[in-house]
1. From the list B:Ala206, B:Ala210, exactly one residue is loosely packed, with under 13 Cβ neighbours inside 10 Å, over 20 Å from the mean Cα position of the chain (by Cα) and of a type outside the set (Lys, Arg). Which is it?
2. It is to be established whether one or more residues within region B:94-103 are within 30 Å of A:Leu250 (Cα to Cα) and of a type in the set (Ser, Thr, Tyr).
3. Does B:Leu49 satisfy being modelled with pLDDT of 90 or more, facing chain A (nearest Cβ under 9 Å) and in a helix (DSSP H, G or I)?
4. For region B:127-157, how many residues meet the condition of being at the interface with chain A (Cβ under 7 Å from one of its Cβ atoms), crowded, with 18+ Cβ neighbours inside 10 Å and assigned to a helix (DSSP H, G or I)?
5. If you take the residues in region B:158-169 that are free of Cβ contacts under 8 Å to residues at least 60 places away in the same chain and not in a helix (DSSP H, G or I), which one is surrounded by the fewest Cβ atoms within 10 Å (Cβ to Cβ)?
6. For A:Gly189, state whether it is surrounded by fewer than 21 Cβ atoms within 10 Å (Cβ to Cβ) and either on the phi > 0 side of the Ramachandran plot or of a type in the set (Asp, Glu) (or both).
7. Examine region A:27-45 for a residue that is part of a helix (DSSP H, G or I), within 26 Å of the chain's Cα centre (by Cα) and buried (at least 21 other Cβ atoms within 10 Å of the Cβ), and state whether such a residue exists.
Amino acid sequence: MTRALETLGAWLLGVGWALPLAYAVWTAFHPAEYSTRFVLNAPLTLENFAKAWAAAPFARYFVNTTLLVAMILVVQLVLCTLAAYAFARFAFAGRAAAFLLVLVQLMIMPDVLIVENYRTMSRLGLLDTLWAIGLPYMASAFGIFLLRQTFKTVPRELDEAARVEGAGALETLWRVYVPLARPVYIAYGLVSVSYHWNNFLWPLIVTNSVQSRPLTVGLQVFSSVDQGVDWSIITAATLMTSGPLLVAFLLFQRQFVQSFMRAGIR
Amino acid sequence: MSDMSSMSGIGAGSATPRQWRVHVQGWLLLLPAAVLLVVFTHFPVGATLYHSFLSNPRPNRAAGWVGLENYRAMVEDPVFWQVLGNNAWFAAGTIPLSIALALLMAVWVNGRIPGRSLLRLAFFTPTVLPMIAVANIWLFFYTPGYGLLEQLTGLVGLPSHNWLGSRGTALGCLMVVTIWKEAGFFMIFYLAALQSLSPQLGEAAALMGAGRWYFFRRVTFPLLMPTTLFVLVNAVINSFRLVDHIVVMTKGGPDNATALLLYYIYDVGFKFWDQAYAAALTLVLLVILAAVALGQFLLLDRRVHYQ
């Protein structure tokens with residue numbers, strides 16, 4: 001009896017959770033006159049997507065976001081790997097203090113330092129560029145922390161064996177540590193990509209042209225200015241911007257969930 | 001601790017070339033990340049403090065020292081207090097509910113419930129969607145007249161209501177969106193923790209005739225404490241960090257009823273371009289986050305043991 005009630009409760013919650021998205025999918029794939037009329041024989045259409053695509057430079061926004069996400073991830077991986085290696089295996093002077101200073105960023109993220117970072121970007125002449133969006137996030141405390149924990153579990157013997165063969169610090173890092181940390185890199189990569197694909201407030205502040213605007217900002221400009229209240233087109237654009245991430249998530253669901261898990265367990 | 005220096009096996013005293021190399025190499029490896037961290041995290045924190053004591057520069061006059069003037073203005077600014085209150089309500093509403101729901105979801109999805117993977121998909125999907133896109137969808141959902149919510153309430157005969165346009169309901173609507181977006185994310189951490197618990201615990205309890213609720217309350221929940229605290233800290237930070245949906249759904253209105261602290265900083269700093277006041281407001285936010293960090297440090301170290 002309680003089992004049945006619980007199943008019912010779980011399913012009610014599940015349906016409630018899926019409802020907003022299902023509603024959006026319905027609206028986007030049907031002509032506008034069916035957006036609030038739910039009849040089963042409503043004709044399907046892709047026209048809303050075509051209209052949205054034609055109404056704003058979404059192709060450019062896609063390129064911008066892809067470049068941005070790739071750029072941030074590559075720099076993050078390099079910087080965090082080097083720093084994590086230093087923290088894990090080099091007893092340099094001031095290491096404990098430096099590590100604490102890195103951890104500050106876990107609490108005070110670039111997201112809240114918008115006023116001062118805008119000033120800095122303006123002084124560097126970087127406003128309205130992809131670099132302005134990405135730079136504050138490139139040294140990621142979270143990435144350094146995650147990789148440091150992983151590198152610390154690498155058996156010392158492997159490190160020493162590589163050293164005996166004459167490998168220097170960087171070569172040892174590349175040949176011993178990086179391959180062993182692969183699952184962590186994948187986990188961090190997925191979390192980073194979805195974070196920066198979705199990031200909005202900071203890009204909104206530092207960009208003001210089509211040349212640098214990522215998808216999220218483009219979507220906001222599009223839906224607030226151009227379209228008024230044509231919900232079919234707005235929901236189509238909304239699904240379009242989340243599309244690649246959503247499809248990737250549906251295909252690699254297990255990896256996504258495990259990555260978020262791995263990234264959260266410290 | 002096993003480190004490079006201990007490998008060299010030489011005691012304290014004069015540093016050997018080997019030890020020098022460890023110091024230099026360590027700092028060189030750290031350097032690129034350290035430079036970016038200092039420029040975009042530590043420096044801005046200091047600069048926020050400094051600028052909060054200055055006035056705004058005018059075309060014919062540079063920014064000047066005004067002491068606590070910005071803070072005096074803040075204390076006298078009714079909107080500031082309203083925003084702080086909003087944020088407190090927002091935190092009080094979203095944090096416990098999203099954590100409780102996350103735990104419930106995890107327990108359900110971890111058990112032998114029919115359609116488990118579909119449920120997990122439904123719960124987790126909001127997490128990977130951009131908040132800005134999600135906000136658009138919910139905006140439509142709440143639209144007066146023909147949004148889905150209105151249609152549902154109309155079905156049961158309730159009068160039409162402008163959910164986002166009324167002071168009484170707007171903040172609540174935003175809380176629902178936040179909870180919807182976050183609960184599935186937190187569920188993942190509970191799920192991971194639940195899966196790491198030994199199944200023998202449950203079997204032993206069942207043998208001794210303990211009910212499921214009793215077992216959950218006395219065994220599972222205490223064992224999940226580290227996860228709960230981790231999730232709690234994240235939820236608290238998010239309640240001060242996540243304002244994307246406000247930009248889309250209400251722009252802080254009506255009458256600032258949905259403005260949260262970070263949104264107000266954005267408004268003051270980048271719409272009114274009152275950057276001096278925005279710096280003072282940012283400092284308040286930083287103090288709140290520092291308090292959270294301190295609280296986490298004390299709580300995690302005293303009360304919880306991580307393996």
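1. Details: B:Ala210 fails: loosely packed, with under 13 Cβ neighbours inside 10 Å.
Unique residue meeting the criteria: B:Ala206.
2. We begin by selecting, within region B:94-103, every residue within 30 Å of A:Leu250 (Cα to Cα); these are B:94-103.
From the residues that got through so far, the ones that are of a type in the set (Ser, Thr, Tyr) too are B:94, B:98.
So far as region B:94-103 goes, yes, one or more of its residues are within 30 Å of A:Leu250 (Cα to Cα) and of a type in the set (Ser, Thr, Tyr).
3. Numbers: modelled with pLDDT of 90 or more: yes; facing chain A (nearest Cβ under 9 Å): no; in a helix (DSSP H, G or I): yes.
Judged against the criteria, B:Leu49 is not a match.
4. Restricting attention to region B:127-157, the residues satisfying the condition of being at the interface with chain A (Cβ under 7 Å from one of its Cβ atoms) are B:128-133, B:136-138, B:140-141, B:146, B:148, B:151.
Filter again for crowded, with 18+ Cβ neighbours inside 10 Å, leaving B:128-133, B:136-138, B:140-141, B:148.
If we keep only those that are assigned to a helix (DSSP H, G or I) too, we end up with B:128, B:131-133, B:136-138, B:140-141, B:148.
Looking only at that region, the number is 10.
5. Checked region B:158-169; the qualifying residue surrounded by the fewest Cβ atoms within 10 Å (Cβ to Cβ) is B:Pro159.
6. Values: surrounded by fewer than 21 Cβ atoms within 10 Å (Cβ to Cβ): yes; either on the phi > 0 side of the Ramachandran plot or of a type in the set (Asp, Glu) (or both): no.
Against the criterion (surrounded by fewer than 21 Cβ atoms within 10 Å (Cβ to Cβ) and either on the phi > 0 side of the Ramachandran plot or of a type in the set (Asp, Glu) (or both)), A:Gly189 does not qualify.
7. The initial filter retains those residues of region A:27-45 that are part of a helix (DSSP H, G or I), namely A:27-29, A:32-34.
Checking the rest, the ones that are also within 26 Å of the chain's Cα centre (by Cα) come to A:28.
Within this subset, residues satisfying the condition of being buried (at least 21 other Cβ atoms within 10 Å of the Cβ) are A:28.
Yes, region A:27-45 has at least one match.
Condition check ((1) in contact with a Ser or Thr (Cβ under 8 Å, 6 or more places away or on another chain); (2) under 30 Å from B:Arg167 (Cα atoms)) across all residues:
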{"site": "B:Ala33", "(1), (2)": "no, no"}
{"site": "B:Phe43", "(1), (2)": "yes, no"}
{"site": "B:Thr48", "(1), (2)": "yes, no"}
{"site": "B:Tyr71", "(1), (2)": "yes, yes"}
{"site": "B:Leu84", "(1), (2)": "no, yes"}
{"site": "B:Asn87", "(1), (2)": "yes, yes"}
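The values are calculated or read from the model by the stated rules, or taken from the named source; none is laboratory data. All figures in this text were calculated on a predicted structure; none of them were measured in a lab. No Cβ is skipped: glycine too gets one built from the backbone with ideal geometry, and neighbour counts run over all protein chains shown.
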